[in-house]
Structure formats: structure tokens, C-alpha cells
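Have a look at the structure below before the remarks.
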Amino acid sequence: MRQSKRIALGAFALALTLLTGCADRPAAAEKHRVTLVAKSTNTEFWKTVFAGAEAAAAEYNLDLFITGPETEEDYATQNQMVAQAVADGTEVLVFSAIDYEKNASAINDAAAAGVKIVTIDSDVHSDATSTYIGTDNYAAGQQAAAAALKCEYPHLYVGLVNYDINSANGQERETGVRDTFAPLDNVTVVESINVAAAAQPAQAGTAALLKANPEINVLIAFNEPVSVGAARAVTELKQEDRIWLVGFDSNVETVDNLQTGVVNALIVQNSYAMGYLGVESAYRLLTGQSGVLQPTVDTSTFIVTQENLFTADSQKALFAFE
């Protein structure tokens, strides 16, 4: 992960004030072409990213094309989509990498063809990127560990349910969790598993993890569909009163589970800001404003629990950009 100055952005309103308030708005002219290649198009997280991206495209008079594979493991299709976007004449790619290493050659080829690169959510191993916009994933992992430590068991036996092992953001989150727990005598990380980023395989993987390790009393799940699947496994095994579950992101199901106590905390990312600022950065690159871009922009996270669920800040984090 880049070692660079980070700009912490809290609520997205603050992000707009700090980063877009003084931006020059485009005059009427031929529209520039920008392509957003996401990890997938199926989750509430990505739908919110797209809403932010579309808002920025409308504001800056850009032709925005959004695409992504059906699953968050299909880096090969992502690479094909990058190549197709270049062939179609895109000028900037806004990209979230499924595989930190295996997406790199496609991004380097696009840059060699003259396309500018903005990464959001999950970075790629390439020097061709102009800026990364997204969560400080290591810090988000630390937040997840801190939320797990709210559990009052005298000893925490932790199971980690992560997604694709080659995805940079998931691995950075897990490292943040492990580094937080490492010096603590009352925490044991029992096992970490990687599952496909979808609810069904996450449910099956979590159920198998709990059956094989009945001592586990804390689970941390590292993205939206994996959190949904982990919560379903806890319910399936009737472990709601015994398992302390920390998840990432939100949708209707996980918020309902937070209210009923199946989920104890959610680490909620500002996905709308990722989309909006990613496309705004594309506009800046297209209009000679690359000097104002920071290498890394941290869009921040918010911890939502049953205790603060109905506060204004939590409701804004969970539902503001539907």
C-alpha cells in the first residue's frame, strides 16, 4: 500500500466542501469518455458507488460507462473489460481491482495506450495510477478488531471470514485485525477462511468454520455479501446468543440483523464518496488539474452498533445515498 499523505474525509458533505467546492465546473463542450470498471455490479455497496459516480458525471458533463463482472473473483473478465474500454476510446479508467497482481498488466497496457487511471476501493500493483480513493483498509481492520473487543467474554476465540485472497483491500483489513489482536493475551485467532464474495458460499464456509471450531465466539466478516452469509450461518446454527459478529458495509438484511442482535457491529464505508470522487478525479485529469490530486484519499468509515443505530450520523452512513 502506498506510503503517502492521506486526506481523511468524514461525512461526504465535508468531502464535497473540501475537495469540490473550488473545482472549476465544465463549460458546454464535447463530452469526455470515462469508464468505471467495478469488482461486480450486484451488491448494494457497488450500486451506491455507481450512484456517486453518476452524480459526478452529470455535474462534470462526462460520458460515463459502468461495467463489471458478475462475481468478485473474475479478474480475467475485468481485464477484458479494461481492454474493451480502451478499444472503445475511453480517456480515463476508474478501476477497482479484484486481483492486486493479476489486474496489473491490463492497467499498464491501458496506461501505455494513453488512458489515465484512477483506482477506487481496491488498489492495483501499478505505477500508472494517478490516485487511489477509498477506505484506509488497514485502519478499517483495526476498527473491526476494536468492535470485536467490545465483546465481554474473558477470552475471545476469533474466526475470520474473508473474500478473495488476492484482493488488496480484504488482505489489508485482515492485517489490521491481526496486528491489533497480536499483543493481546485474551484473544486467539483460531482460523481464517477465504470464500467467494457472495452470501451463499460465505454462509456455507462460515457454517463449516463454526462446526470445525466450536470454541469460536467471535466472527469478523470483511465485506457486504460475506457479512450477509456469515450472519445467515450464525442464524442457521442458532448461535445468535453466543457469537459476537462484526461485519462490513450494510444492506437491508444486515441492518435488520443489527437490530435483532445477530450482528453486533458494522464497519460502514463511504461508497458513494468513492464513486463521486473517482469520477471527479477523472475530470480533473482530463482538464489539466492533476496537480491537485493526492496520491491517496481516505473516504473514511463509520462504526454502527445497536446502541448508535438510530442516531443521525449512523442513519446518514447507512441510508443517505440510496
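Which whole-number percentage describes the relative contact order of the stretch 108-200, with Cα contacts under 8 Å and a sequence gap of 6 or more?
On the way: 121 pairs, mean separation 26.7, N = 93.
Over the stretch 108-200, the number comes to 29 percent.
Report the Cα centroid-to-centroid distance between the stretch 268-322 and the stretch 76-122 in angstrom, as an integer.
That distance is 22 Å.
What's the percent breakdown of Cα-Cα distances in the chain across 10 Å bins, shortest bin first?
6, 28, 34, 21, 9, 2, 0
Among the aspartates and glutamates, which fall within straight-line cross-link reach of K31, defined as a Cα-Cα distance under 18 Å, with same-chain neighbours fewer than 8 residues apart omitted?
Counting by Cα, and skipping residues close in sequence, K31 has these aspartates and glutamates nearby: E54, E59, D63, D88, E91, E280.
Full extension from T67 to E215: what is 0.36 nm times the residue separation minus their Cα-Cα distance, to one decimal in nm?
Stretched out fully, the T67 to E215 stretch lengthens by 49.0 nm.
What does the extension gain come out to for N186 and A76, with contour length at 0.36 nm per residue minus their alpha carbon separation?
Numbers: separation 110, 0.36 × 110 = 39.60 nm, distance 4.21 nm.
In short, 35.4 nm is gained.
From a point 7 Å beyond the Cα of H155 in the direction of its Cβ, which residues of the stretch 205-222 have a backbone N at a distance under 16 Å?
Flagged as within label range: 213-218.
Could you work out the relative contact order of the chain, using alpha carbon pairs under 8 angstrom and six or more residues apart, expressed as a whole percent? Walk me through the numbers on the way to the answer.
Values: 679 pairs, mean separation 72.1, N = 322.
Worked out over the chain, it gives 22 percent.
Relative contact order of the stretch 137-268, please, whole-number percent, based on alpha carbon pairs below 8 angstrom and at least 6 residues apart. Could you put the intermediate results ahead of the total?
Details: 263 pairs, mean separation 34.4, N = 132.
This gives 26 percent for the stretch 137-268.
Return V255, V177 ranked ascending by Cβ neighbour count within 10 Å, so the fewest neighbours appear first.
V255, V177
Show which aspartates and glutamates lie in cross-link reach of K211 when reach means a straight Cα distance below 19 angstrom and same-chain residues fewer than eight apart are skipped.
Answer for K211, where 19 Å is the Cα cut-off: E191, E236, E240, D241, listed by chain and number.
How much mean residue ellipticity at 222 nm does the chain get from its helices, if each DSSP H run of length 4 or more adds -39500 (n - 2.57) and you divide by all residues, to the nearest 500 deg cm²/dmol?
Rounded to the nearest 500, it is -12500 deg cm²/dmol.
Taking 7 Å along the Cα-to-C-beta vector as the label spot, tell me the T311-D256 distance in nanometres, rounded to one decimal.
Between T311 and D256, the simple spin-label model gives 2.6 nm.
Is any helix in the chain, taking whole DSSP H runs, at least 15 angstrom long along its axis by alpha carbon and on average at least 0.0 on the Kyte-Doolittle scale, and which ones? Walk me through the numbers before you get to the answer.
Working: long enough: 44-59 (23 Å, 0.26); 75-87 (18 Å, 0.12); 137-148 (16 Å, 0.03); 168-181 (20 Å, -1.42); 199-212 (19 Å, 0.34); 224-236 (18 Å, 0.23); 271-286 (23 Å, 0.43).
Membrane-span-like by this rule: 44-59, 75-87, 137-148, 199-212, 224-236, 271-286.
Straight-line reach from K47: which aspartates and glutamates have a Cα under 16 Å away, not including same-chain ones fewer than 8 places off?
Within the straight-line cut-off, K47 pairs with E70, E72, D121, E224, D249, E253, E322.
What list of whole percents do you get for P(r) of the stretch 42-117, with Cα-Cα distances grouped in 10 Å bins up to the one holding the largest distance?
Bin by bin from 0 Å, the calculated values are 18, 49, 31, 2.
Only the coordinates and a few stated rules stand behind these numbers; no lab work does. Model, not experiment: these values are computed from the prediction. All Cβ positions, even for glycine, are placed from backbone atoms using ideal geometry, and neighbour counts span all protein chains on display.
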